[in-house]
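The values are calculated or read from the model by the stated rules, or taken from the named source; none is laboratory data. Please read all numbers here as calculations on a predicted model, not as lab measurements. Please note: Cβ atoms are built from the backbone with ideal geometry, for glycine as well, and neighbour counts cover all protein chains shown.
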Amino acid sequence: LSDEADTNPIVCFCHRVRLDEIVKAIRGGSTTLEKVQADTAASTGCGGCEYDVIEILEKELAKAG
Ligand code: FES
């Protein structure tokens, strides 16, 4: 369990959305914050994880070129 917490941490605690769900959504075409929000519900609660979601988004988009 702690392994998963390390490699696949919860990014959005309001909706218990983990890193891999967000990465999958981005790779599946959710290439804006709004689309990731619609797709995963991440960052649609308190908004406290918004910066983290944006950071993941930017990293994935940079990787994708
Ligand atoms: S932690 Fe993601 S919206 Fe609250």
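Conditions (1) free of Cβ contacts under 8 Å to residues at least 24 places away in the same chain; (2) touching a Gly at 6+ places or on another chain (Cβ under 8 Å), marked per residue:
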residue	(1), (2)
P9	yes, no
H15	no, yes
K35	yes, yes
K59	yes, no
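Would you mention how many residues in the stretch 11-37 are more than 17 Å from E58 (Cα to Cα) and out of contact with any helix residue (DSSP H, G or I) (no Cβ under 8 Å at 6 or more places or on another chain)? Steps first, answer last, please.
First, the residues of the stretch 11-37 that are more than 17 Å from E58 (Cα to Cα): 13-17.
Now drop any that are not out of contact with any helix residue (DSSP H, G or I) (no Cβ under 8 Å at 6 or more places or on another chain), which leaves 13-14, 16.
Total meeting the criteria: 3.
Got at least one residue in the stretch 37-44 being among the hydroxyl-bearing types (S, T, Y) and at pLDDT below 95?
Residues of the stretch 37-44 that are among the hydroxyl-bearing types (S, T, Y), as a first pass: 40, 43-44.
From what is left, the residues that are at pLDDT below 95 are none.
Within the stretch 37-44 (the criterion being among the hydroxyl-bearing types (S, T, Y) and at pLDDT below 95), the answer is no, since none of the residues qualifies.
Residue-wise test of (1) under 8 Å from the mean Cα position of the chain (by Cα); (2) within 11 Å of the ligand (Cβ to nearest atom); (3) surrounded by 12 or more Cβ atoms within 10 Å (Cβ to Cβ).
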residue: A5; (1), (2), (3): no, no, no
residue: C12; (1), (2), (3): yes, yes, yes
residue: R16; (1), (2), (3): no, yes, no
residue: S30; (1), (2), (3): no, no, yes
residue: K35; (1), (2), (3): no, no, yes
residue: A38; (1), (2), (3): no, no, yes
residue: G45; (1), (2), (3): no, yes, yes
